[in-house]
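Asks: Mind having a look at this structure? Questions to follow.
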Amino acid sequence: MDTGPLSMEAALQPERRTTRLPLAAPLRFLRRLATDPRGAGALTVLFILLVFGFIIPLVVTTSPFESVRGERLLHPSWKHPFGTDELSRDLFIRNAIGFRSTLLSGLFAVVGGWLVGISLGYTAGYRGGLADTLISRSVDTLLAFPGILLAVLLIAWFGPGLTSLSLAIAIFNIPFSTRLARAAVLREIVRDYVLAAQTIGCSGSRVLLRHVSINTFGVFAVQLPIAIVNSILIIAALGFLGLGEQPPNPTLGGLLFDGRRFMRLAWWYLLAPASIVAVFMLSLNFLSDVLSEMLDPVRRGRG
Amino acid sequence: MLSYVLRRLVRQFAPVIVIASVLIFVLAELLPGDPAAIALGETATPESVAAMRHEMGLDRPLPERYVRWLGSAIEGDLGRSTTGKSVTELITASAPPTLELALIAFTLGNLLGITLGVLAGIHRGGPIDMAIGVFTSLVIAVPSFVSGLVILLVFTVWVSWLPSAGRASLLSSPLEGAKYLVLPTVALSSTVAAVVSRFTRQSIVDVLTNDFIRTARAKGLSGRAVIIRHALKPSMLPVVTIIGVQLGGLIGGSIVIEQVFTRPGMGRLLIGAVNSKDYPTIQAITLLLVSTYIVFNLLTDLLYAWLDPRLRPALGSPG
C-alpha cells in the first residue's frame, strides 16, 4: 500500500519530542519536584487524597448506602471517622466514593469534550473558509454564556443526572479546546513538514492526525490538567446546586448540599467534603506553581 | 472612535446576541412536553389543549414565535412562568439582592485587589509581597462557594454573629441589610481581589522597569510620587482587560453564592426554575445574564481601546 510515503513521512518528522519517554525521566522529574518543600507537601497530600478516593472504597467494607437504626447524625468516632448522615449512613465511605466519582466524571467529561473540541479546532484551522467561520462563530456564542451558566442551561435542558452532567461538562469544555487547537494548527500549518507531507500526497486528516497532532501535543498536555481541575470544580458546584448526579449516589457536591442543610445539627457533615475540595485544590495549585517555576527558568528566582 | 464603536456593535455584538438568543429559545422549544398541556394539568381534554395552544401562540411556526418572544422580551414582557406569575415581576423582585451583592463585591474586590497588588509590586520579594502572595494563592485555589460554606459554618453556627439565610433591603434598613451582606460579600469579593491583585502586581513590576520611571526617580521625585503619578496609570491597563472576565465570574459565582447563603436573588430564582422545569423563567434569566455579560465585555473592550489608541485598528479590522 502506502509504505513508500510512510517511510518518507518518518524521515520528514521534525524532532518528535514526545515519543518513547524512558521511565527514568518522569521519576527524576518527580524527585526534582519533591525537593521543593511546596512540591513535596502537595505531592504527599495528593497521594493521601488519591488513596482515600481510590483505595479506601476497595478496602473498607462499610456500605455507602446502608442505614443503621439509631446511628443518625453521629459525631466522628473510630467506627465512623467522618460521622454519619441524616439517613445513618457512614460519611467516611460516602466522602471517599463521592470524591472518586467527582474526579472520574470530571476526567471523562473533559477528555470527551476535548476530543470534540480538538477535532473542531483542527478542522477550522486546517480548512479555513466557511468551516472556520461557522465553527469560530459557534464557539464565540458558547463563550457568551458566563461561567457556570452554560452548564446550568444545558442541565435544565437535559434534566439533572449523571449523563446530562457529563454532557454539560463536555460541552462546557469545547470552546476553549477548539480555540486552542485552532491556534495550534494555524501556527504549525506554515511549517515545512506540513508542506512536505502534503506534497507526498497525505490526505488532510492524515496530515492532522499523524503530523500536526504530535507537534501540538505539548500545548494540550499543559492545558488539559487545568481544564480537568476547573471542570471538577464546576461539577462540585453543580452538585451543590442539586443539578449533578442524583441521590443516593454520593458526590462531593451532593455532600456539600446535604451538609449545608444539616450544618446546625452536624458540623462535620459539611466540613468533611468542604475540606476535601479545599485541600485538593490547594495541593494542585501548589503543584502547578512549583511546576511552572521549574519549567520556566525566567520565572525561577523571581519573587 | 465612533465608527469603531459602530463596527464592533454590528460585527461582534449583534451576531453573538442573536445566535445566543436563538440558542436559548430553541433549547427550551425542543424539549419534550407541551407547555399548553402542562399549564392545563392532567385533566385537560385534547380540545382544550388545542385551544390553549392557539391562545399561547404555540401553533405558529417556530421563527415567528422566536421573533415574538424576543420582541416582547425587549419591550420588557418576559412571558409567564409555569407558576402563573409574570416572569418580569419575578425578576424585578429578585434583581436587587443580586445587584447589590454583585456591585459591592465588584467594587470592594477591585479596590482591595489593586491596593494589595500595588503594595506587593512595590515591595517585590519582601515580606509584604510574600504575605500577599500567600493570601492570593489560597483564595484563588479554594473555590468561593467552598470557602463561603466554611465561613458560613464558622460565623453562623459556631459563633452565631450573623444570620445564615435571607436578605434585608439595604435602602430601607441599612444595618440589617449589611448583616446579611457581610459573608456573601467576603466570599465573592475575595476571589475578585486575589485575581486583580495578581494582575496589578505583575503590571506594576513590569512598569517599574521602564525608563520613564528611572527618569522620574532621577529628577528627584519621592518613591510615593513616582508610584502615584507615573506608575499607577499605565499599570492599570492590563487590569482593565480582566473586568469582563471578572464579571463573568461574578455572575456565575453569585448563582452559587446565593444558594450558599440562601439569598433570594436571581441565582436562586434560576436554580428553582431549573428544578421545577419552569422554562420561560430559565429562558428569561439566561437571556438577561448573557446580554449583561456581552454588554460588559463590549464596554471593557471599548474602554481598553479608548485608554490605549494603539489597539483600535488591531481589535476591529479596517473595512
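Asks: May I ask for the longest run of chain B untouched by GluC sites (Glu not before Pro) that are loop-located per DSSP and have at most 10 neighbouring C-beta atoms (other than their own) within 10 Å?
Replies: B:76-319
Asks: Same structure, new question: Given R₀ = 35 Å, what would the calculated FRET efficiency be for A:PHE262 paired with B:THR92, taking r from the Cβ atoms and rounding to 0.05?
Replies: Numbers: r = 34 Å, r/R0 = 0.96.
In this case the efficiency is close to 0.55.
Asks: List the residue ranges in chain B for DSSP H helices whose C-alpha atoms run 27 angstrom or more along the long axis and whose Kyte-Doolittle average is 1.0 or above.
Replies: Taking the DSSP H segments of chain B (at least 27 Å long, mean hydropathy at least 1.0), we get B:87-122, B:279-307.
Asks: Name all residues of region A:77-116 having a backbone nitrogen under 14 Å from the label point set 7 Å from the Cα of A:SER67 along its Cα→Cβ direction, giving them as ranges.
Replies: Correct set: A:85-90.
Asks: What full-extension length gain, to one decimal in nm, is calculated for B:GLU29 and B:TRP161 as 0.36 nm per residue of separation minus the Cα-Cα distance?
Replies: 42.8 nm
Asks: Moving on to the next point. Interface size between chain B and chain A, please: total buried accessible area, 1.4 Å probe, rounded to the nearest 100 Å².
Replies: Adding both sides of the contact gives about 3800 Å².
Asks: With springs connecting C-alpha atoms under 10 Å apart, model chain B as a Gaussian network and identify which of B:ARG167, B:ARG68, B:ARG198 has the largest mean-square fluctuation.
Replies: In the Gaussian network model the winner is B:ARG68.
Asks: Only residues of region A:258-292 count here: report those whose backbone N is under 15 Å from the spot 7 Å along Cα→Cβ of A:VAL60, or say none.
Replies: Residues passing the 15 Å test: A:268-277.
Asks: What accessible area per residue, rounded to a whole number of Å², is obtained for region B:164-319 using a probe radius of 1.4 Å? Show your work: numbers first, answer last.
Replies: Values: 6970 Å² over 156 residues.
Computed with neighbouring chains in place, this is 45 Å² per residue.
Asks: Looking at chain B as a GNM with Cα springs under 10 Å, which of B:ILE228, B:ILE24, B:ILE140 has the largest mean-square fluctuation?
Replies: B:ILE228
Asks: Under a crude label model (7 Å from the Cα following the beta-carbon direction), how far is A:LEU130 from A:LEU115 in nanometres?
Replies: Those two pseudo-labels are separated by 2.9 nm.
Asks: Follow-up. Note down the net charge around B:GLN259, summing +1 for each Lys or Arg and -1 for each Asp or Glu among other residues with Cβ under 12 Å from its Cβ.
Replies: So the environment of B:GLN259 carries a net charge of +3.
Asks: Short version: which residues of region B:106-134 lose at least 20 Å² of accessible area, all chains versus chain alone, 1.4 Å probe?
Replies: Residues of region B:106-134 that lose at least 20 Å² of accessible area once the other chains are added: B:ARG124.
Asks: Something else now. What is the spin-label model distance, in nm, from B:ARG224 to B:PHE135 if the labels are put 7 Å beyond Cα along the C-beta direction?
Replies: Roughly 2.0 nm, to one decimal.
Asks: Roughly how many nanometres apart are two label points built 7 Å out from the Cα toward the Cβ at B:THR115 and A:ASP140?
Replies: In this crude label model, B:THR115 to A:ASP140 measures out at 4.0 nm.
Asks: To continue, here is another question. First compute the accessible area of the protein assembly as shown with a 1.4 Å probe, then give the percent of it belonging to carbon and sulfur atoms.
Replies: Here it works out to 68 percent.
Asks: Between the DSSP loop rule and a limit of at most 13 other Cβ atoms within 10 Å, which chymotrypsin sites (Phe, Trp or Tyr not before Pro) in region B:21-87 are left?
Replies: Here no loop site has a sparse enough neighbourhood.
Asks: For A:TRP114, B:TRP161, what's the largest-to-smallest order of accessible area, 1.4 Å probe?
Replies: I get B:TRP161, A:TRP114, largest accessible area first.
Asks: Can you compute the FRET efficiency between A:ALA40 and B:VAL10 using 1/(1 + (r/R0)^6), with r the Cβ-Cβ distance and R0 = 56 Å? Round to the nearest 0.05.
Replies: The calculated FRET efficiency here is 0.50.
Asks: May I pose another question? Roughly how much of B:HIS123 is accessible, in Å² to the nearest 10, using a 1.4 Å probe?
Replies: Only protein atoms counted, so the area is about 80 Å².
Asks: Sticking with this structure for a sec: Round to the nearest 10 and report in Å² the accessible area of B:ARG217, as given by a 1.4 Å probe over the protein chains' heavy atoms.
Replies: Looks like 120 Å² after rounding.
Asks: Okay, moving on. Please list the helices of chain A that count as membrane-span-like by this rule: a mean Kyte-Doolittle hydropathy of at least -1.0 together with Cα atoms stretching 30 Å or more along the helix axis, each helix being a complete DSSP H run.
Replies: A:91-127, A:162-188, A:213-240, A:267-295
Asks: List the lysines whose Cα sits under 21 Å from the Cα of B:LYS277, skipping any in the same chain fewer than 8 residues away.
Replies: B:LYS85
Asks: What FRET efficiency comes out for the pair B:THR82/A:PHE29, r = Cβ-Cβ distance, R0 = 41 Å, nearest 0.05?
Replies: With R0 = 41 Å, the Cβ-Cβ based efficiency is 0.15.
Asks: Normalising by the residue count of chain B, find the relative contact order in percent from Cα pairs under 8 Å and 6+ residues apart.
Replies: After rounding, I find 25 percent.
Asks: For region B:187-319, what is the per residue volume of the convex hull drawn over the alpha-carbon atoms, in cubic angstrom? Don't jump to the answer; show the numbers that get you there.
Replies: Details: hull volume 17.5 nm³, N = 133.
About 131 Å³ per residue, rounded to a whole number.
The values are calculated or read from the model by the stated rules, or taken from the named source; none is laboratory data. Computed from a predicted structure; not experimentally measured. FYI the Cβ positions are ideal-geometry reconstructions off the backbone, even for glycines, and counts take in every protein chain you see. With ligands, DNA and RNA removed, areas are computed over all heavy atoms of the protein, side chains included. Shrake-Rupley method; radii C 1.70, N 1.55, O 1.52, S 1.80 Å.
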